[in-house]
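Here is the structure we will look at.
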Amino acid sequence: MKLHIVKTKDELAQKAYDVLIDVIKSSDEVTLGLATGSSPEGIYEIFRAEKPDVSHVTTVNLDEYVGLAADHDQSYAYFMDQHLFNHLPFKATHLPNGLATDQAAECARYDEILAANTPDLQLLGIGTNGHIAFNEPGTSFELTTNVAELAPETVEANSRYFDSPADVPTHAFSMGIKSIMQAKKILLIASGEGKAEAIKGMIEGPVTNEMPASILQNHPDVTVIVDAEAGSLLK
Ligand code: GLP
């Protein structure tokens with residue numbers, strides 16, 4: 001793992017953007033794995049300002065809440081539209097369909113999309129409990145796209161975006177760890193002291209499914225960019 005510790009969120013976003021742009025410019029056919037959450041917001045802001053050519057770039061997102069329509073203002077599809085897809089003409093963009101009624105078929109459909117579009121780079125945030133996408137502690141490393149049950153701490157963390165805790169979805173379609181590990185390159189970003197334990201476990205702890213992100217120790221090309229707070233517990 002290549003680790004960069006930066007001072008500010010702006011610096012983090014710029015450094016991550018630079019890594020993404022190198023991949024975007026590396027070929028005339030590129031697939032990017034994208035993520036939602038507050039962590040990548042600064043990166044997408046730079047995309048909106050710089051407007052790089054992405055007409056050759058296909059995107060695949062990590063996850064989507066079960067039960068939310070693409071136009072629901074808390075769905076990940078809506079987030080991606082607002083922050084990125086409405087602003088830049090990507091070749092194609094993919095997310096799981098939160099409203100799919102046949103969940104097994106939706107997971108299979110997404111696995112087919114991933115098989116045809118292996119990310120050249122997968123962007124990741126990390127949950128406070130070490131989850132990546134919605135692969136919560138205890139999840140098998142062998143899963144491809146699956147319906148994940150959100151851990152109580154994840155529901156709690158995500159409740160800040162919803163009017164009432166009862167509105168927070170409890171399940172999500174999520175790329176599995178096995179799918180994430182197929183990406184040629186992985187870029188994980190984290191900021192704030194709330195992520196410090198997870199960053200420590202991911203980098204210095206044993207590889208265990210109790211700390212899902214620790215599997216990244218087994219991937220050959222991982223770049224981690226954190227701010228000082230998120231990196232504060234590292235030796
Ligand atoms: C959610 C998403 C993850 C994301 C995590 C952290 O649970 N499924 O993909 O990495 O939250 O979010 P944030 O960046 O807002 O801290």
TODO: Have a look at Gly138, Tyr110, Ile215 and report the one farthest towards the positive end of the charge dipole of the chain, computed about the Cα centre with Cβ charges (Lys/Arg +1, Asp/Glu -1).
DONE: Ile215
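Counting pairs of alpha carbon atoms under 8 Å apart in space and at least six apart in sequence, what relative contact order in percent does the range 77-235 give?
Working: 259 pairs, mean separation 40.0, N = 159.
Relative contact order comes out at 25 percent.
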- [ ] Compute the separation of the alpha-carbon centres of the range 40-79 and the range 200-228 and state it in Å as a whole number.
- [x] 24 Å
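Tell me, rounded to the nearest percent, the portion of alpha carbon pairs in the range 2-45 spaced more than 12 Å apart. Working shown, then result.
Values: 619 of 946 pairs.
That tail contains 65 percent of the Cα-Cα pairs.
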Task: Mean shadow area of the range 74-142 over all directions, Cα convex hull, nm² - done: 6.2 nm²
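With the contact rule set at Cα under 8 Å and sequence spacing of 6 or more, what percent relative contact order holds for the range 42-169?
On the way: 133 pairs, mean separation 28.6, N = 128.
The normalised contact order for the range 42-169 reaches 22 percent.
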TODO: In whole Å, largest first, what are the principal axis extents of the Cα atoms in the range 104-235?
DONE: 44, 41, 22
Open item on the list: Across the range 1-79, what fraction of all alpha-carbon pairs, as a whole percent, falls in each successive 5 Å bin from zero upward?
Closed with: 3, 13, 20, 23, 19, 14, 7, 2
Open item on the list: If I histogram all Cα-Cα distances within the range 193-235 using bins 5 Å wide from 0, what percent of pairs lands in each bin?
Closed with: 6, 25, 30, 25, 12, 1
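Of Lys178/Lys235; Lys2/Lys195; Lys51/Lys195; Lys7/Lys178; Lys91/Lys195; Lys25/Lys178, which sit over 24 Å apart, Cα to Cα? Could the numbers behind the result be given before it?
Values: Lys178/Lys235 29 Å; Lys2/Lys195 18 Å; Lys51/Lys195 30 Å; Lys7/Lys178 32 Å; Lys91/Lys195 33 Å; Lys25/Lys178 27 Å.
Violating the 24 Å Cα-Cα cut-off are Lys178/Lys235; Lys51/Lys195; Lys7/Lys178; Lys91/Lys195; Lys25/Lys178.
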- [ ] Output the Cα-based Rg and Dmax of the chain in Å, rounding Rg to one decimal and Dmax to a whole number.
- [x] 16.4, 47
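Computed from the coordinates by the stated procedures, all read-outs in this text should not be read as laboratory data. None of these values were measured; they are calculated from a predicted model. A quick note on method: Cβ atoms are made from the backbone with ideal geometry, for glycine too, and the neighbour counts reach across all protein chains shown.
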